[in-house]
1. How far apart, in nanometres, would the label points at S228 and V212 be if each is projected 7 angstrom from Cα along the Cα-to-Cβ direction?
2. Determine how many Å³ per residue the convex hull of the Cα atoms of the stretch 143-222 encloses.
3. For helix 200-215, what angle does its Cα long axis make with the longest principal axis of the chain, in degrees from 0 to 90 and rounded to 10?
4. Mean separation of Cα pairs under 8 Å and 6+ residues apart, divided by the residue count of the chain: what relative contact order is that in percent?
5. Using the Cα centre of the chain as the reference point, and only Cβ charges (+1 on K/R, -1 on D/E), how large is the resulting charge dipole? Debye, rounded to the nearest 20.
6. Counting other Cβ atoms within 10 Å, keep those with at most 16, restrict to DSSP loop, and tell me which GluC sites (Glu not before Pro) in the stretch 189-231 are left.
7. What distance in nm separates the simple spin-label points at T142 and K183, each placed 7 Å from Cα in the Cβ direction?
8. In nm, what is the difference between 0.36 nm times the number of residues separating N102 and D127 and their Cα-Cα distance?
Amino acid sequence: SPKVHAEETYTIGTDVTYPPFEFANKDNKYVGIDIDLMNAIAKEEGFKVNIKELGFNAAVQSLQSRQIDGVIAGMSITPERQAKFDFSDPYYKTGVVMAVANNSKINGLSDLKGKKVALKTGTAAADYARSQQKKYGFKTVTFDDSDNMYNDVTNGNSDATFEDVPVMKYAIKTGTKLKIVTKPAESGNYGFAVLKGENSELIQKFNHGLKVLKKNGEYKKITDRYLSTDT
Ligand code: GLN
């Protein structure tokens, strides 16, 4: 006979400010593609979520130390991370670009010799930049969040930054005074992550919910909410 279960609650870590994926809106409410997607999937699949805005690196660390059940934070699916985490099906395309101040003469990596580059701790973009550091001879400075990283470039302390292309484009569209000077590298996808070998039922629910939301138009509604050109 069917059993009635109380709805499971999962604690999910996210970034503090990574628009359009997660950010505090004018009313200081956390919104964004990741937040709306997670909530819509939870509703569809009949579980509850407690979303914590921890910062990207802190969220990943908290997942590793089992303080939370999952991470949704514009987190790139990478082979290195797949050794430690299980990822959902991909839900958004990404890649890494380099950005500089609007008035900068820097046109690409080959102009970075002796320059200072602002990076965000624990990110795929920082890993990519470091993989190019020897060849191009730049210095680095690190930040825990994207906002402070961008500010270091716009205020002239740093000469360039590396960020995910959908996030950098959105920041520029919404007024950040930077410009993108490279084609996307390290193309990949965002996925929802749990600790490897644990919470596999949560990954299954996420994947099932994502399929439903893609089919019924809700996924498109969520992304359009943040990315449609007329907003
Ligand atoms: N997509 C990047 C990564 O996974 C950055 C994520 C973020 O800063 N929230 O490393």
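The numbers here are math on the coordinates, done by the rules we state, and not lab data. Quick caveat: nothing in here was measured; it's all calculated off a predicted structure. Counting neighbours? That spans all protein chains shown, and the Cβs are built from the backbone with ideal geometry, glycine included.
1. 2.4
2. Convex hull volume per residue, Cα atoms: 141 Å³.
3. Once rounded, one gets 80 degrees.
4. Relative CO of the chain lands at 28 percent.
5. Its charge dipole is roughly 760 debye.
6. Listed in order of number, the matching sites are E198.
7. Distance between label points: 3.1 nm.
8. Fully extending the segment from N102 to D127 adds 6.6 nm.
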